[in-house]
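Below you'll find the structure, written out as structure tokens, and then a few comments.
The values are calculated or read from the model by the stated rules, or taken from the named source; none is laboratory data. As the structure is a computational prediction, the values presented were derived from the model and not from experiment. Glycine also receives a Cβ, built like all others from the backbone with ideal geometry; neighbour counts cover every protein chain displayed.
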Amino acid sequence: MLKTVEDINVKGKKVLVRCDFNVPMDDNGNITNDNRIVGALPTIKYLVAQGAKVILCSHMGRPKGEFNMKFSLAPVAARLSDYLGQTVKMAEDVVGESAQALTAGMADGEVVLLENVRFHAEETKNVPEFSKKLADLAEIFVNDAFGTAHRAHSSTAGVADYLPAVAGYLIQKEIDIMGGALENAQRPFVAILGGAKVKDKIGVINNLLNKVDTIIIGGGMAYTFCKAMGGSIGDSLLDEERIDYAREVMALAKEKGVNLMIPTDNVAADSFSNDAAQKVCSSMEIPDGWQGLDIGPETTKAFADVIKNAKTVIWNGPMGVFEFENFAKGTIAVAEAVAEADAVTIIGGGDSAAAVTNLGFADKMTHISTGGGASLEFLEGIELPGVACLAKK
């Protein structure tokens, strides 16, 4: 169990909080989705209420270690001020004169936001001198940015070498819910894995084979499994180097008694476009010149039936090219099945999170992870640097 903000006395202390304020912006610098800001509010409000001097930091985009107004966090400070009902002071730099002056004279309950930590190349390289300068601004470190917890950067892990470090509510929630599902799942436990590439999911498959009752394989990665079973997959996505791995997974699943479900039919198209001609065909007999872009009706029903009877569901990756409306049916049906399941349902960030949110099912899920890459590595059983550096109870 991690120590959290509630396990330490923060009154009158300067607390550096790493948030994930990497929000999407339009060309005019307006925030188009503030979910990540809203997600950070419980931790910030708790610290303010406890009389802490709250110093917030985050990255935004990829400014490549140089100052670039396009990636300034100023719009975030304005939005935070609205949500908190108090002025969030914005530093013009990260560890320079402005940051030092603003943080030096803070009153209890005040909030300061530092400028984008990635304006310094040292941030992503986790340079100790930079971590130390950041740590010198505060007395306690709180990591609440699960989305970057898989990165060993100065502001996610490096500062913990110089300050007592604990988890914020967001990281605590992610670890409790996802960790709880992986270690003490209610059964049947079903994992749904989609997306394009087998190689992105190798670690996840290897880890989950020891924990779940069923693994459902969809998306572009499914065609490598069909090929491994001797099927003809036309021009569908193929990870040639991992055909043998797919065979090993199928053998291992059989050995462990895990139900590995691979599509039996697919919706194939004669080109990679929303308006392509389409037809349903067996996953083992996709004609040359055609490529599978979605799971077929037979597969959709089989997947949905298993999902609806599950007690724990983890989903990472869409079932097809869901950004094409005409090839989104499989992903939509799976989202509906997960939403209807009487189960603990966890969406592992990234495209699955976007699909569930866009389709209006977000409020029906137990938990939608805030981290794409971080949740993938967590599902692989890899220790995340931004979590490993935090104190345990």
When you go through ALA339, ALA304, ALA333 one by one, which is the residue that is within 30 Å of LEU41 (Cα to Cα) and either hydroxyl-bearing (Ser, Thr, Tyr) or in a helix (DSSP H, G or I) (or both)? ALA339
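Filter region 142-164 down to residues that are more than 22 Å from the chain's Cα centre (by Cα) and of a type in the set (A, V, I, L, M, F, W, C) and give me whichever is nearest to GLU380 (Cα to Cα).
Per the stated criteria, the residue is ALA160.
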Got at least one residue in region 30-38 being in the same structural domain as THR103 (by TED's automatic domain parsing), assigned to a strand (DSSP E or B) and of a type in the set (Lys, Arg)? no
Return the residues of region 63-97 that are on the phi > 0 side of the Ramachandran plot and basic (Lys, Arg); say none if nothing qualifies. LYS64
Output for region 199-241, where each listed residue is crowded, with 21+ Cβ neighbours inside 10 Å, within 27 Å of the chain's Cα centre (by Cα) and assigned to a helix (DSSP H, G or I): LYS201, VAL204, ILE205, LEU208, ALA222, TYR223, THR224, PHE225
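Looking only at residues that are among the polar types (S, T, N, Q) and within 23 Å of VAL306 (Cα to Cα) in region 163-198, which one is surrounded by the most Cβ atoms within 10 Å (Cβ to Cβ)?
So the residue we want is GLN186.
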Only one of these conditions is not met by VAL10: (1) among the hydrophobic types (A, V, I, L, M, F, W, C); (2) surrounded by 18 or more Cβ atoms within 10 Å (Cβ to Cβ); (3) not in a loop (DSSP other than H, G, I, E, B). Which number is it? (3)
Could you check TRP290 against (1) out of contact with any helix residue (DSSP H, G or I) (no Cβ under 7 Å at 6 or more places or on another chain); (2) surrounded by fewer than 20 Cβ atoms within 10 Å (Cβ to Cβ); (3) not acidic (Asp, Glu) and say which number it fails? (2)
Does at least one position in region 137-151 carry a residue that is in contact with a helix residue (DSSP H, G or I) (Cβ under 6 Å, 6 or more places away or on another chain), in contact (Cβ under 8 Å) with a residue 60 or more places away in the chain and hydroxyl-bearing (Ser, Thr, Tyr)? no
Can you pull out every residue in region 147-187 that is within 19 Å of TYR46 (Cα to Cα) and of a type outside the set (D, E, K, R)? PRO164, ALA165, VAL166, ALA167, GLY168, TYR169, LEU170, ILE171, GLN172
Across (1) over 19 Å from LYS201 (Cβ atoms); (2) without any contact (Cβ under 8 Å) to a residue 60 or more places away in the chain; (3) surrounded by 16 or more Cβ atoms within 10 Å (Cβ to Cβ); (4) out of contact with any strand residue (DSSP E or B) (no Cβ under 8 Å at 6 or more places or on another chain), LYS301 clears everything bar (3)
Kindly indicate whether any position in region 308-323 is modelled with pLDDT under 95, under 24 Å from the mean Cα position of the chain (by Cα) and either hydroxyl-bearing (Ser, Thr, Tyr) or surrounded by fewer than 16 Cβ atoms within 10 Å (Cβ to Cβ) (or both). yes
Subset of region 69-110 (residues that are closer than 16 Å to VAL15 by Cα and polar (S, T, N, Q)): GLN100, THR103
Among the residues that make up region 276-298, is at least one of them under 30 Å from THR366 (Cβ atoms) and assigned to a helix (DSSP H, G or I)? yes
Restricting region 64-93 to residues that are aliphatic (A, V, I, L, M) and in contact with a Lys or Arg (Cβ under 8 Å, 6 or more places away or on another chain), which is surrounded by the most Cβ atoms within 10 Å (Cβ to Cβ)? ALA77
